[in-house]
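This report refers to the structure that appears directly beneath it.
The values are calculated or read from the model by the stated rules, or taken from the named source; none is laboratory data. As the structure is a prediction and not an experimental result, all values here were calculated from the model. Heads up, the Cβs are rebuilt from the backbone with ideal geometry, glycines too, and the neighbour counts pull from every protein chain shown.
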Amino acid sequence: MTTRPLGKTGLQVPPIMLGGNVFGWTLNEADSFRILDAAFDAGLTFIDTADIYSTWVPGNKGGESETIIGNWLARTGKRNQVTLATKLGMDMGEGRQGLSPLYMEKAVEDSLRRLQTDHIDLYQAHQDDPNTPLEDTLAAFTVLIQKGKVRFIGASNYTGARLKAAMDASAHGGLASYQTLQPHYNMMERQKYESDLAPVVAEYGLGVIPYFSLACGFLTGKYRKAADLEGKARGGGAGQYLNDRGRAVLAALDAVSADYQSTPARVALAWLMTRPNVTAPITSATKIEHLTDFAEATRLTLSQDTIDQLTAASTPAES
């Protein structure tokens, strides 16, 4: 599988990032290991997780995904063959949240312990912390890099204004700077990213790793009516797209899939990989066949006319 540069980090990574949110949620450890084994064999060696995964599951406290990934790394000895990304900052309960230097110092040690590694390749602020000065957060990240605990840092769920302010604070203070952005971006979610964040990404040359790349599974085509969502733990978010625009996007994906003898999921991911500054869409797998779609998407080359067709079909009306 070919690789792509991750922003200005110097890292070369696969063009699809494997999402770890399902590990410890809809997949137990044994099933997670099977997915991780198959993903590695398919060349999908760029893995994303977060300390908060998966606090929403009854009985979980957070860190379950990191723990499973850490156990897999220890079992397989593949740590040096994967690019490992995790995140911190969201509310894990019991006061565990934010981007203050004191909390960050503890949070990174917890993640390193669970992941069973001595460093994190990409450590990301999962969301902005308005209660902590940007300079303090970036200074703390700088210390973690200097200590060798973190190689590069990234941001997620920032506004364009706050992202730009963070980048300027890094430059003015001689501090470590965000190298990546993890935004909510896909064919159904374009307006916020493209209008607010894309200009900042372009200005600073950030690598973009979009989450919910398949719109909670909607862009796979498996959710076409309300009944399709019943009993689906991960399908709830797809319901918001069961409207005229969603149906138009699925129709375009169906048409292109037929032309290319492909699938809607592969086409949707291939389109996203053509967007400016996008390095690797993040998508998670609960079945081995999902990984086939991901791998095949990296080999699907869309013509410019096809890209334009999909872009037009998915452009929000308010644009």
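Listed values, structure above:
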| item | result |
| --- | --- |
| In region 96-123, the residues that are β-branched (Val, Ile, Thr) and farther than 22 Å from Leu181 by Cβ | Thr117 |
| Complete set of residues in region 2-40 that are of a type in the set (Gly, Ala, Ser), under 13 Å from Asn71 (Cβ atoms) and buried (at least 21 other Cβ atoms within 10 Å of the Cβ) | Gly20, Gly24, Ser32 |
| Failed item, numbered, when Leu206 is tested on (1) closer than 24 Å to Thr311 by Cβ; (2) of a type outside the set (Phe, Trp, Tyr); (3) surrounded by fewer than 22 Cβ atoms within 10 Å (Cβ to Cβ); (4) touching a residue at least 60 places away in the same chain (Cβ under 8 Å) | (3) |
| Any hit, region 109-124, residues being under 23 Å from the mean Cα position of the chain (by Cα), loosely packed, with under 14 Cβ neighbours inside 10 Å, of a type outside the set (Phe, Trp, Tyr) and part of a helix (DSSP H, G or I) | yes |
| Some residue of region 183-202 being over 26 Å from Ala270 (Cα atoms) and either modelled with pLDDT under 95 or in contact with a His (Cβ under 9 Å, 6 or more places away or on another chain) (or both) | no |
| Tally of residues being out of contact with any helix residue (DSSP H, G or I) (no Cβ under 9 Å at 6 or more places or on another chain) and in contact (Cβ under 8 Å) with a residue 40 or more places away in the chain across region 110-142 | 4 |
| Flag if Gln146 is of a type outside the set (D, E, K, R), under 15 Å from the mean Cα position of the chain (by Cα) and either modelled with pLDDT under 95 or surrounded by fewer than 23 Cβ atoms within 10 Å (Cβ to Cβ) (or both) | no |
| Scope region 50-84; condition closer than 24 Å to Thr2 by Cβ and among the hydroxyl-bearing types (Ser, Thr, Tyr); matching residues | Thr76, Thr83 |
| Residues of region 134-171 satisfying the condition of being closer than 22 Å to Gln12 by Cβ and either aromatic (Phe, Trp, Tyr) or part of a strand (DSSP E or B) (or both) | Val150, Arg151, Phe152, Ile153, Gly154, Ala155, Ser156 |
| Criterion: touching a helix residue (DSSP H, G or I) at 6+ places or on another chain (Cβ under 9 Å), free of Cβ contacts under 8 Å to residues at least 60 places away in the same chain and crowded, with 22+ Cβ neighbours inside 10 Å - qualifying residue of Tyr241, Tyr260, Tyr223 | Tyr223 |
| Index of the failed condition, Leu18 passing every other in (1) within 17 Å of the chain's Cα centre (by Cα); (2) in a helix (DSSP H, G or I) | (2) |
